[in-house]
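Q: The structure that follows is given in the form of structure tokens.
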Amino acid sequence: MTDYRLISADSHVSEPPDLWATRCNEKFRGRAPRLAVNPPGLEGAYFLYEGYAPHPIGIGLGAGKSPEELKEFLTKATYADARPGGWDPAERLKDNEIDGVEADVLYTTLGFRIFWLRDVALQADCFRAYNDWLAEYCGYAPKRMAGLALISLYDPKAGARELERCAKLGLKGAMIWCSPPEEQPYSSEVYDPFWAAAQEMNMPISLHAITGMGMESQWNWGERYMRSTVLSHEVEKSFSVLIFSGVLDRFPRLQIVSAENNCGWIPYYLQRMDRAFERQRVAAGFPNKLKPSEYFQRQMWCTYIDDYVGVAPGLLLAAFPGSGRARLQGRQRRGPLQDHPRQRRPALRLRRVGNRAAPSAAIPAKTGIHESAFELVAKWVPAFAGTPVGDMQ
């Protein structure tokens, strides 16, 4: 049986509680995001950030918890209840060793909501402080950890400079808004210096769930199921803008990743975009040289957890140490994805539509931090092998 190389394309760090309080510029420290345990009227640990209600941190620490356990954990958990691998790189390697995962692409956890801040200077300084810490964290085992910087794009030229700084620190890509402010859409050429820098440095750009300025990320839906079921609409809108506005024509080597939005929606989405292009391209004057689905195949990627129908190109993710990863019950062997009947169909489907990845494997995740084992398909492997990302096609 083939011994697959198993890499998570979307895992997470758990930022140290005092990260921004100690690392932000002194003039921002009184306003910097911070953690508080049992703030007035609340029980558990909460993330406090300017302009928004306190946010319980349990959802980012719930690896291995059952649905019954999550009911209490989500609102009352503190870092004392979490696996230390989220902030201790040595412990992360131990967890990955237990689960058979060789390496991780690392996203933020608390930083998602810092994308919502409206104060330009405060956000940029918070991101700088995080990027410095993440580079140190990944420096513990750079061949097994690919960190993604947080980039503020209120000023895209400044964002391009920070991207270059982070590349020199050893980070392998970057996160930006899943959707930008309405008054500064991704169709605007104001972003061109940033797209150009990302393309030149072969730095993939990720649009992760919950980082947007749109209602999908920020709206208080009242019922938890609403955000869970409509969240992917936000990245759909951003992908449509990037394609139809000509950004991917102007920057044909720019690589864009949809992170933690899953991928089962993509076949229908591509079908609708292609239909809109064919029917409306003359009347609407679309500038595109290719069909939307061809841009997607050339320049766009998605991470997914457990979708049973998908489309290439896709990257499988673990999302350690978040609560979306349930403990694996009853999986006691390692083997190709087809060995696990519940996941057989997506493997066959992905191969049939031309995915360039070998099938993944189902493994017993003893720590509860990885829902399954993950083969990283083409985009992040160079981060560990030393090959420029843009050279992998």
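Q: Sort out which residues of the range 113-128 are in a helix (DSSP H, G or I) and either in contact with an Asp or Glu (Cβ under 8 Å, 6 or more places away or on another chain) or closer than 17 Å to Pro181 by Cα (or both), and write them in order of number. Walk me through it before giving the result.
A: We begin by selecting, within the range 113-128, every residue in a helix (DSSP H, G or I); these are 113-116, 120-128.
Selection gives Arg113, Ile114, Phe115, Trp116, Val120, Ala121, Leu122, Gln123, Ala124, Phe127, Arg128.
Q: Out of (1) closer than 17 Å to His12 by Cβ; (2) modelled with pLDDT under 80, what's the single condition that is false for Lys76?
A: Every listed condition holds for Lys76 apart from (1).
Q: Identify the residue in the range 92-111 that is in a helix (DSSP H, G or I) and out of contact with any Ser or Thr (no Cβ under 6 Å at 6 or more places or on another chain) and, among all such residues, is surrounded by the most Cβ atoms within 10 Å (Cβ to Cβ).
A: Filtering the range 92-111 down to residues in a helix (DSSP H, G or I) leaves 92-99, 110-111.
With the extra rule that they be out of contact with any Ser or Thr (no Cβ under 6 Å at 6 or more places or on another chain), the set shrinks to 92-94, 96-97, 110-111.
On the way: Arg92: 28, Leu93: 18, Lys94: 13, Asn96: 26, Glu97: 11, Leu110: 24, Gly111: 25.
Applying the filter and picking the extreme gives Arg92.
Q: Of the numbered conditions (1) touching a residue at least 24 places away in the same chain (Cβ under 8 Å); (2) under 18 Å from Gly60 (Cα atoms); (3) among the aliphatic types (A, V, I, L, M), Ala80 satisfies every one except a single condition; which is it?
A: Among (1) touching a residue at least 24 places away in the same chain (Cβ under 8 Å); (2) under 18 Å from Gly60 (Cα atoms); (3) among the aliphatic types (A, V, I, L, M), the lone unmet condition for Ala80 is (1).
Q: Any idea which of (1) in contact with a helix residue (DSSP H, G or I) (Cβ under 9 Å, 6 or more places away or on another chain); (2) modelled with pLDDT under 90; (3) not basic (Lys, Arg) is the one Gln332 doesn't satisfy?
A: If we test Gln332 against (1) in contact with a helix residue (DSSP H, G or I) (Cβ under 9 Å, 6 or more places away or on another chain); (2) modelled with pLDDT under 90; (3) not basic (Lys, Arg), just (1) comes out false.
Q: Conditions: (1) at pLDDT below 90; (2) more than 22 Å from His208 (Cβ to Cβ). Asn25 meets all but one. Number of the miss?
A: (1)
Q: Hey, can you tell me all the residues within the range 112-160 that are buried (at least 20 other Cβ atoms within 10 Å of the Cβ), in contact with a Ser or Thr (Cβ under 8 Å, 6 or more places away or on another chain) and among the small types (Gly, Ala, Ser)?
A: Within the range 112-160, Ala124, Gly159 qualify.
The values are calculated or read from the model by the stated rules, or taken from the named source; none is laboratory data. Just so it is clear, the model here is predicted, and its values are computed rather than measured. Cβ sites come from the backbone with ideal geometry, for glycine too, and all protein chains shown count toward neighbours.
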